[in-house]
Structures are given as C-alpha cells and as structure tokens.
Amino acid sequence: MLSRFSIPGFGSRRRFDDLSEQEILALAISSEEEDGQIYRAYAAKLAAQYPHSAAVFEGMAATEDEHRRRLIDLYISRFGDFIVPVRREHVSGYYARNPVWLVENLSLDRVREEAAEMERQASAFYLAAAARAGDADTRKLLGDLAAAEAGHQREANALGETHLTEEGRAGEDAAAHRQFVLTWVQPGLAGLMDGSVSTLAPIFATAFATQNPWTTFLVGLSASIGAGISMGFTEAAHDDGKVSGRGSPWKRGIASGVMTAVGGLGHALPYLIPNFWTATAIAFAVVFIELWAIVWIQNRYMETPFLRATFQIVLGGALVLAAGILIGGA
C-alpha cells in the first residue's frame, strides 16, 4: 500500500479521486489529529494574553479528538488495526494548513481567521469524501462530520459563551489592540517622527545653502535611507520583545525603518523638480502635512491630548526647520 504513495520531494502525489475508501478514512484520521494539534498550539500561544480564547481552542481541540476517535472506530471495524499512513502532503490538490501556528507573535484576529478557514476546508473535504463512499456507515459518518465541521463555528460560539464572555472578549480585544500599537504603531510613529523632523535641518540647510534642487535631493535621499536603516536596526536589536512584550523585533524594525525613510523622503522628493522655489514651496507643504499626520497618529493611537501633541510636534518641527533655513542661509 505504501508503495503507491510518493515520498515528499520525489515523484508525483496521489490524486484525491484515486484514493480508496480505506485511504480516505486514513487521511481523515490524520487530518483530524493534525487539526487538534493546531488548535492546541493556538491555545498554548494565546494562553498568556488571551486565556478565554485559549479555553475556546482547547474545547475545539477536544472536539477534533472525538471526531478522530469515531473515524478510528469505523476504520478498525472495516479494515483492521493497521491505519495506512496517509497525510495531507501525500495527496495532490488537497488543502494544506498554513503554518501560522509556528509564528511566535500571532494576533488574536489572525488566529480566529485561520480557525474559520480550517473549519470551512474540513467541511468541504468531508462532503467530497462522503460522495466517494460506497459503504453506508462510512457515508453516514463522513456526512455527519461534514455537518459537524460546518457547524463548528456555532460550536465555537457556544464554547465562547462559556469561556469567552462579553467582558472577556472586550478585554482580549483591548489586549490585541494594545499589542498592535506596541508592535507596529509605536515604532512606526517613532520612525516617522525621526525621519520627518531630524532630516528637516540637513535638507533645508542644503537647499538654502546651494539652491540646487538635485544636490538637495541627493542629501535628502541619503539622509532618509541612512536614518531608516539605522532606526530599523536599532529598534530590532535593542529589544527582543520577550520581556517587554512589545512583539517581534523584526516587525518593529521594519515599521521603524520604513517609516523613518518615508518621513525623510516626503520633503526630499519635491527637489526632483528643477525649479528651486517651486520645489521648496511643495516641500514646505509636505512638511506641514507630515507634522499634522504625526499629531493625528499620536492622538488616535497613543491617546496623547490633541493640543499637547500639536504643541510638541508642530513647535519642535518648526524649530528644526528654522534652524536648517538659518544655517543654510548664513
């Protein structure tokens, strides 16, 4: 039996339509086992921050275990004790699970989305398998499991009523939002502030000292990219997120580095325009937009009072801009 299956990476895989009922049942058993392990992996990763959702996934894993036991009982009654080792990767065109459970920092929304997709795929598999089954008991069980998987969302909701109260869901959603802010918004905002404000002086000093748009653009480009690389590496290297809980260092590094470069390039790009005063006027307008965008982000995500954010950012940016102009025009 095993000779009919290929070793991963060698030769072609079997088509689902070519599988026997024995092989379909074996595939269903291994799939239920893997899904149960995935749900437990989700529960383990969510337990610390989202204990209520973790309890929901533990319940879903227990349901997958029950499905597996029912399939094994039917398999043994028809084909004996030896279960053919058929797995998803052996079957061409068969759905594969995204290995997101291997990711260290999973968002709560991502886990819920993946779980919903798992249930949809499992239901479709059992419907297709039931259509292939000739044995009445096998067809009945596969049909029952298709209905069970289709209703798994209802079961998750029922488990949620037990483990995930409205208060608990609100708390977990707030924790997920906080994690999003710590991992993406905070380092991104720090990068945008650094890129937008710290590059003002060298760019505008160069602009007014040379009145050469191309030279100004080159200085702005180098300053922006250099600052982006520096900020990205600094953010990723100084905190691995394990103690602070700020999330994956490479995510924070990307957010900080990209937004730093964007902040500087915003008022450097206008100097691609050959006319110096036209380019400078547009650069001033871009600076105005950048500073107010920072104020909005601080107020929206960091809950900084609007007037205080305005005073800090606009005043600070104006001072740096004025210093660049004065130094360049001296």
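The values are calculated or read from the model by the stated rules, or taken from the named source; none is laboratory data. All of these numbers come straight from a predicted model, not from anything done at the bench. Note that we place each Cβ from the backbone using ideal geometry, even for glycine, and neighbour counts take in every protein chain shown.
Are there any pairs, at least 6 apart or on different chains, whose C-beta atoms fall under 8 Å, with the first in segment 17-29 and assigned to a helix (DSSP H, G or I) and the second among the polar types (S, T, N, Q), and if so, which?
That search, which allows pairs on different chains as well, returns GLU21/THR138; LEU25/THR138.
Tally time: how many residues in segment 199-238 are of a type in the set (Phe, Trp, Tyr) and either surrounded by fewer than 21 Cβ atoms within 10 Å (Cβ to Cβ) or closer than 26 Å to LEU182 by Cβ (or both)?
Here the count works out to 3.
As an exercise: evaluate VAL286 against (1) over 30 Å from LEU182 (Cα atoms); (2) at pLDDT 90 or above and give the number of the one condition it does not meet.
(1)
Need pairs with beta-carbon distance below 8 Å; first residue more than 14 Å from GLY328 (Cβ to Cβ) and outside the structural domain of PHE311 (by TED's automatic domain parsing) and within segment 268-294, second surrounded by fewer than 16 Cβ atoms within 10 Å (Cβ to Cβ) and of a type outside the set (S, T, N, Q); sequence gap 6+ or separate chains.
So the pair list comes out empty.
If you check ALA96 against the conditions, is it in a loop (DSSP other than H, G, I, E, B), loosely packed, with under 15 Cβ neighbours inside 10 Å, modelled with pLDDT under 90 and of a type outside the set (Lys, Arg)?
yes
Can you tell me which residue in segment 33-54 is farthest from GLN22 (Cα to Cα), limited to those that are of a type in the set (A, V, I, L, M, F, W, C) and surrounded by fewer than 19 Cβ atoms within 10 Å (Cβ to Cβ)?
Selected residue: ALA48.
Restricting the search to segment 173-223, which residues are among the polar types (S, T, N, Q) and under 21 Å from GLY329 (Cβ atoms)?
Within segment 173-223, SER198, THR199, THR206, THR210, GLN211, ASN212, THR215, THR216 meet the criteria.
Yes or no: ILE294 at pLDDT 90 or above, touching a helix residue (DSSP H, G or I) at 6+ places or on another chain (Cβ under 6 Å) and within 30 Å of ARG178 (Cβ to Cβ)?
Criteria met by ILE294.
List pairs: first residue in segment 65-80 and part of a helix (DSSP H, G or I), second residue surrounded by fewer than 17 Cβ atoms within 10 Å (Cβ to Cβ) and hydrophobic (A, V, I, L, M, F, W, C) anywhere in the structure, Cβ distance under 7 angstrom, at least six positions apart or on different chains.
Going by the 7 Å Cβ cut-off, the qualifying pairs are TYR75/ILE83.
Rundown of residues vs (1) in the same structural domain as MET118 (by TED's automatic domain parsing); (2) assigned to a helix (DSSP H, G or I); (3) of a type in the set (S, T, N, Q); (4) at pLDDT below 85, yes/no style:
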site	(1), (2), (3), (4)
THR138	yes, yes, yes, no
ASP144	yes, yes, no, no
GLU155	yes, yes, no, yes
ALA158	yes, yes, no, yes
ALA170	no, yes, no, yes
LEU182	no, yes, no, yes
GLN186	no, yes, yes, no
LEU189	no, yes, no, no
ASP194	no, yes, no, no
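Of all residues in segment 71-93 being touching a Lys or Arg at 6+ places or on another chain (Cβ under 9 Å) and not basic (Lys, Arg), which is modelled with the lowest pLDDT?
Ranking the qualifying residues of segment 71-93, first place goes to GLY93.
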